[in-house]
Amino acid sequence: MSPSSRLESVLRSGDFAVTAELNPRDSADPQAVYQQARMLAEFSDAINTGDGSGANPHLSSLGMAALLARAGHEPVMQLGCRDRNRIALQGELLAAAVHGVANVLCLTGDGVQAGDQPDAKPVFDLDSMGLLRTARIMRDQGRFLSGRKIKIPPRWFLGAASNPFVPPYDFRPLRLQKKIEAGAEFIQTQYCFDVPRLRQFMAQVRDMGLDERVFILAGVGPLRSLKSALWIREHVPGVVIPESIEARLRGVVSDKQQEEGLRICVEIIQQVREIPGIKGVHVMAYGQEQWVGEIVERAELLPRPKPAGGQFVAKSAKDVSL
């Protein structure tokens, strides 16, 4: 069967993939989404849309993904289980297919206590693996969980998240295996600032043969400053920033720290690209979308593979007017 999406095509062809994160919008103006997407689209193979990131309300992942698809971009719709039961999740999945969304990243979701409305009622009827199984049944068997038939089954490239950077380390490959068995075809990891830890994780992944069963993209991103790095370490669950990274940022004056953060990000991309089994990177530049093109260019990941239909593909960050 032919690939369901451009992202799947890039990965299956053996090219090193690049995905980028579209930061959640707090606006009813679709132009806010389109403007941000233009900063990312020419430098990536697909664009992730967040689903209530940080347990805070934003424009929905489906809403952003539908806008991206309408504009001719390639979305990866993130879908979490915190706010919806299985009935709503199946409806959301089918709606994504109707809007032309071909990549779905299945997540459990952050706990409500992490957000700005901690009294909200969490659902968690399913977790990420249950959601993966649900999406696979809808796609491969053409039916809902009730057994009711879907007249025209959707086609999706299914993904999940993984965090190799927090203990218990030996459990992380086993959890990855369960997600693959549930239906994950690609994986995007949490931010990687600890390359040696990622190497150790990938060695275990290869020993288990999992690298032959799933495409793994390492999460990367630029640190804006030492202050930003320390805040992320303290407040963002699952992100590990080693002391070596902190020391590099401390070693430069404050107005040079952003450039040092960009340099660190590019170096990490170059290092993870050499790890066997890593098939791409997922660039998360929260509030720094304007730097994604330069990061990808400096990491020598341009031009991106030409998509079907012959659309324009940037050869350098200067080729795109923002």
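The values are calculated or read from the model by the stated rules, or taken from the named source; none is laboratory data. What you are looking at is a predicted structure, and each value in this text was computed from that prediction instead of being measured. Because the Cβ atoms are built from the backbone with ideal geometry, glycine has one as well, and the counts that use them run over all protein chains shown.
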Item to check | Filtered residues of the range 273-306 (kept if assigned to a loop (DSSP other than H, G, I, E, B), of a type in the set (Asp, Glu) and under 22 Å from ARG6 (Cα atoms)) | outcome: GLU300
Checklist entry - What residue, of ALA66, ALA88, ALA95, is modelled with pLDDT of 95 or more, of a type in the set (A, V, I, L, M) and either within 15 Å of TYR34 (Cβ to Cβ) or touching a Cys at 6+ places or on another chain (Cβ under 6 Å) (or both)? => result ALA66
Next on the checklist: Residues that are over 18 Å from the mean Cα position of the chain (by Cα) and without any contact (Cβ under 8 Å) to a residue 60 or more places away in the chain: list the strands (runs of 3 or more DSSP E) wholly contained in the range 140-220 that include at least 1 such residues.
Outcome noted: none
Checklist outcome for this item: SER61 vs (1) surrounded by fewer than 24 Cβ atoms within 10 Å (Cβ to Cβ); (2) within 15 Å of the chain's Cα centre (by Cα); (3) among the polar types (S, T, N, Q): all pass except (1)
Item to check | Filter result for SER4 (closer than 25 Å to GLY142 by Cβ, of a type in the set (Ser, Thr, Tyr) and either part of a loop (DSSP other than H, G, I, E, B) or without any contact (Cβ under 8 Å) to a residue 12 or more places away in the chain (or both)) | outcome: yes
Checklist entry - Has the range 107-126 got at least one residue that is outside any helix (DSSP H, G or I), within 17 Å of ARG155 (Cα to Cα) and under 19 Å from the mean Cα position of the chain (by Cα)? => result no
Next on the checklist: Can you tell me which condition TYR34 does not meet? The list is (1) more than 21 Å from ALA218 (Cβ to Cβ); (2) surrounded by 15 or more Cβ atoms within 10 Å (Cβ to Cβ); (3) at pLDDT below 95, and all the others hold.
Outcome noted: (3)
Checklist entry - If we keep just the residues of the range 233-254 that are in contact (Cβ under 8 Å) with a residue 24 or more places away in the chain and in a helix (DSSP H, G or I), which is nearest to ASN48 (Cα to Cα)? => result ILE245
Next on the checklist: Quick check on this structure: which one of GLU243, GLU289 is surrounded by 14 or more Cβ atoms within 10 Å (Cβ to Cβ) and out of contact with any Phe, Trp or Tyr (no Cβ under 8 Å at 6 or more places or on another chain)?
Outcome noted: GLU289
